[in-house]
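The values are calculated or read from the model by the stated rules, or taken from the named source; none is laboratory data. Every value quoted in this text rests on a predicted model; they were computed, and no experiment measured them. Because the Cβ atoms are built from the backbone with ideal geometry, glycine has one as well, and the counts that use them run over all protein chains shown. To get the accessible areas, we keep the full protein, side chains included, count just its heavy atoms, and leave off ligands, DNA and RNA. Shrake-Rupley method; radii C 1.70, N 1.55, O 1.52, S 1.80 Å.
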Amino acid sequence: MTFDRRLRIAPSILSADFADFGREIRAIEDQGADWVHVDVMDGHFVPNLTFGPPAVKAFRKHVTTFMDVHLMIAPVDPFIEAYAEAGADMITAHVEAGPHIHRTLQAIRATGRMAGVALNPGTPADSVEHVLDLCDMVLVMSVNPGFGGQKFIHSQVAKIERLRAMIGDRPIHIQVDGGVDPATAPLVVRAGADVLVAGSAVFRGGSADMPEVYGRNMQAIREAAFGRVPA
Ligand code: DX5
Ligand code: ZN
């Protein structure tokens, strides 16, 4: 994949119908999703449980764009290979999930997958300064991870600005995850984010039978991000 900073929308399937993932993934992709964001939770690093490698492997069969796997698990290293084999294109690990983020990022890169590093809202931008050259993406959590549908934490906008300056012209995406909707998208894009994860703001009001709602929701985020009021 060649690098560019055009705006990407990555719907989180945490807000999809859990009994119908195949159709939900096809619906968001048909409606213009750039990436498919998969939230992996372990009931330990975060207070919720979601998808093991077999589930992610099953999603892969339906993903034709790019499968972005966000690991909210600790420890993370023992599971990297399994999520790589499940078909992740990007594997993102949290800097708070263990004492050795440098080793974790090396292990992700060793699988041939792209590597992301995620920061919780309380973690400073500087914590990733010395691992940026092992990363394809920095994920700024704009809610405390664990659940969809939470309120955007505004203090994270300054962190995005700081990371954007740190990254300079290096080919590293800045992803924002949590509470992204048409009201908050312009703030994070102006600060330097280029990949927007959105769960509730994409899936709200739609279904695999009414996929055009997903399309409208994504369009509303895109247009708001560029300062235009949706029609
Ligand atoms: C939170 C997850 C997010 C979440 C986003 O722990 O990492 O990806 O699903 O959901 P919304 O967009 O509803 O805040
Ligand atoms: Zn996520």
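General remarks:
- Across 57, 159, 151, the residue with the most accessible area heads the list, and the full order at a 1.4 Å probe is 151, 57, 159.
- Residues whose amide H comes within less than 5 Å of that of residue 198, counting only those at least five positions distant or on another chain, are 10, 12 (H built at 1.01 Å from N in the peptide plane).
- Counting only aspartates and glutamates at least 8 places from residue 57 when in the same chain, those with an alpha carbon closer than 18 Å to its own are 17, 20, 24, 29, 39, 42, 68, 81, 85, 89.
- Efficiency of FRET between residue 130 and residue 158 - r from beta-carbon atoms, R0 22 angstrom, step 0.05: 0.60
- Charge dipole (the chain, unit charges on Cβ, about Cα centre) - positive-most of 55, 71, 27: 27
- Cα centroid separation, the range 186-231 to the range 14-60 (Å): 18 Å
- About the centre of its Cα atoms, the range 8-225 shows a dipole size close to 160 debye [charges on the beta carbon of Lys, Arg (+1) and Asp, Glu (-1) only; nearest 20 debye].
- Take each peptide in 174-181, 221-228, count the other Cβ atoms within 10 Å of every residue, and average; sorted highest first, the result is 174-181, 221-228.
- By the helix-only formula, in which each DSSP H run with n ≥ 4 contributes -39500 (n - 2.57) and the sum is divided by residues, the chain has a 222 nm mean residue ellipticity of -9000 deg cm²/dmol.
- Burial ranking of peptide ranges 66-76, 130-140 (average Cβ count within 10 Å, highest at the top): 66-76, 130-140
- Reachable lysines, given that their alpha-carbon falls under 18 Å from the alpha-carbon of residue 159 and they are not under 8 places away in the same chain: 151
- The accessible-area ordering, largest first, of the residues 28, 153 stands as 153, 28, per a 1.4 angstrom probe.
- Relative contact order (%) - criterion: Cα under 8 Å, at least six apart; region: the range 16-171: 16 percent
- Net charge of Cβ neighbours under 15 Å - reference residue 171; Lys, Arg +1; Asp, Glu -1: +1
- At R0 = 35 Å, FRET efficiency that the Cβ-Cβ distance of residue 62 and residue 151 yields, to 0.05: 0.70
- Hull-based mean projected area of the chain, where the convex hull spans the alpha carbons, in square nanometres: 11.3 nm²
- Taking amide H positions as modeled 1.01 Å from N, with prolines and chain starts lacking one, the residues under 5 Å from residue 73 and 5 or more places away or on another chain are 94.
- Kyte-Doolittle at least -0.5, axis length at least 15 Å by Cα - qualifying DSSP helices, the chain: 156-167
- The modelled label-to-label distance for the pair residue 44/residue 123, using points 7 Å beyond Cα in the direction of Cβ, is 1.7 nm.
- Compared with the direct C-alpha span, the chain from residue 17 to residue 144 gains 43.5 nm at full extension, assuming 0.36 nm per residue.
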